[in-house]
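Everything on this sheet refers to the single structure shown next.
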Amino acid sequence: MIEKLKEEVIRQIACGEVIFRPASCVKELIENSLDAQSKKIVIEVKDGGKKLIKVSDDGIGMTREELFLAIERYSTSKLKAIEDLKRIKTYGFRGEALAAIAACSILRLESSVSDGEGYYIEVKDNKIVEEGTIVRKKGTTVYVKELFYNYPVRRNFLKSSYQELRLITEVVKNYLVSNYSVSFQLKSENKIIFNYPPANSIKERIEMLLTPEAFSSLTEIFFENPNLTLYGFISLPEKIFSPAEVQMIFFNFRPVKSTVVKKAIYDGYGGTLLGRTPNFILFIETPPEFLDVNIHPTKEEVKFIDEKFLYDFITQGIREKLKIEKDVEFSEISEIVTTFQEPLIEEEKKLFWQLHNKYIFAQIKSGFCIIDQHAASERILFENLMKNESQEKISQPLLFPILIELKPEVFLIIQELKEELENLGLDIQIFGENTVAIKSIPADTFFAKEDLKELLLEIYYNHREITKSTYEKRKEIYAKLIACKGAIKANQKLNEREMEKLVNQLFSCADPYFCPHGRPTIIKFEISEIDKKFGR
Ligand SMILES: Nc1ncnc2c1ncn2[C@@H]1O[C@H](COP(=O)(O)OP(=O)(O)OP(=O)(O)O)[C@@H](O)[C@H]1O
Ligand SMILES: [Mg+2]
């Protein structure tokens, strides 16, 4: 028998589709504040948002009547008729987010349409438990208290407060790039996690968000055809030195995940990526009627009417900007190194020279080879880290612990991941507010204080990928980062014994020809080629 679902059940289903965790509430509340034309948005959380999420804005506010309507299902001020759905310009249009939040938390709304008198309501178990007038500034403050208090299973499903806070941080970042003129502040347990004043352009906001290194890797891109415009910033292939800090895609300013667009971007770079990951922040604009924004419950995916057309447009746009002809670079490099399969060093005469404190020259049977000391050292460290060895073997204690002060958001992540890092020989202790003490480093690494600081930052930039990866994959990410920062540097003087050790270690690696990022470690020169050049 088919029965009509009870209103209560419908509400629960809807809530389950839109609100999964604190970060999904934050997303909905920020979108509402932005739709209300706010210029300043403050987000405060307690316990990673599990205890409290508070979002305050200075937008247009709501009257008493509007407050009551706002928490009803399907009530929205943003959509009048179905025709409008095709031309939607606001983030919200379904009128279900606040109703969904009200169904799974204690929700309090305070609002006013002008400085002075406002109104507040508090909703629990779908009933108004408190209401009244208040004095406040124009705008709205939403409190989401005890999320999932009435859904113990879902509450248990939430991650640690650190992890939930991290997810919230990610959500906020998406909106602060596209809404560059709005000021955003995020606080956790009364501590400021970040504070972004209004910027004058998207570029200026991005500069505030990224490290100088990542920012300087970017080039501006603009590309259009009659139905699509592509604008944004992408890494220049020759400037990708570390894993991507930011990869964002926006459709008509709505942050989205899009496998098609991501694939198109990567394919646009082609072989120039050599296994590395580029930064990109891309805004795709199209007339709203070409875009279905209603295919996903939380609107994080959208559908463009012709995906193949979109793919080609983006790939071509990136190729043209970067002047990339299909995949030449990669095949050339791999040809040099894969033909290089013979024993390397003649036993009796071991000869090494160091050139510009950067490259090692080694004589081999058929000629000579040049080894990039940093890339080689990276490869060796990476493979050592990936082996499962005992704790004593993998770690070297420091005589004096190194103290490093971190930004609060970085500190949070390191605190969360430090146990995993210990398994790789990196012993990190919490030393006070936002400061860590490094007690030991992985064996055979060369870390100065600055390198360690950079390593922790890199771990922070990669935390999203780390936390969604399997154990083995996480280990690989850590190993790559540690290898990169802890390897012999490009201006380090080496004596002959050190060079010999490095070369021997390199050739006992499983894959000696490439560093973990895919750059070559060795280039070989045939004596016959040289002979030919001299006309012999
Ligand atoms: N911060 C705010 N300032 C002013 N009005 C708000 C605010 N938050 C919500 N509202 C009002 O409450 C209504 C309901 O909000 P809700 O998020 O539930 O739905 P929506 O934004 O219209 O659609 P969606 O469910 O797609 O987000 C909005 O249409 C808006 O009129
Ligand atoms: Mg909304």
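The values are calculated or read from the model by the stated rules, or taken from the named source; none is laboratory data. What you see is a predicted model; the values in this text were computed from it and never measured. Here the Cβ positions follow ideal geometry from the backbone for every residue, glycine too, while neighbour counts run over all protein chains shown.
Details
- The residue that is farthest from ligand 1 (Cβ to nearest atom), counting only those in region 72-116 that are in a loop (DSSP other than H, G, I, E, B), over 31 Å from the mean Cα position of the chain (by Cα) and at pLDDT 95 or above, is ASP115.
- Taken over region 117-140, residues that are surrounded by fewer than 21 Cβ atoms within 10 Å (Cβ to Cβ), away from ligand 1 (no atom under 11 Å from the Cβ) and either at pLDDT below 95 or over 15 Å from LYS54 (Cα atoms) (or both) amount to 15.
- Candidate set from region 3-38 (those that are basic (Lys, Arg) and more than 15 Å from ligand 1 (Cβ to nearest atom)); member that is modelled with the lowest pLDDT: LYS4
- Among residues of region 102-118, those that are away from ligand 2 (no atom under 16 Å from the Cβ), closer than 13 Å to ALA70 by Cα and of a type outside the set (Asp, Glu), counted: 1
- Filter pass, GLU146 being buried (at least 19 other Cβ atoms within 10 Å of the Cβ), of a type in the set (Asp, Glu) and touching a residue at least 60 places away in the same chain (Cβ under 8 Å): no
- When residues in region 410-441 are screened for being surrounded by fewer than 19 Cβ atoms within 10 Å (Cβ to Cβ) and under 20 Å from LEU165 (Cα atoms), 9 of them pass.
- Identity of the residue in region 212-235, surrounded by fewer than 16 Cβ atoms within 10 Å (Cβ to Cβ) and in contact (Cβ under 8 Å) with a residue 60 or more places away in the chain, that ends up nearest to PHE280 (Cα to Cα): THR219
- Extreme residue, surrounded by the fewest Cβ atoms within 10 Å (Cβ to Cβ), among residues of region 454-510 that are of a type in the set (Asp, Glu), farther than 13 Å from LEU417 by Cα and in contact (Cβ under 8 Å) with a residue 24 or more places away in the chain: GLU496
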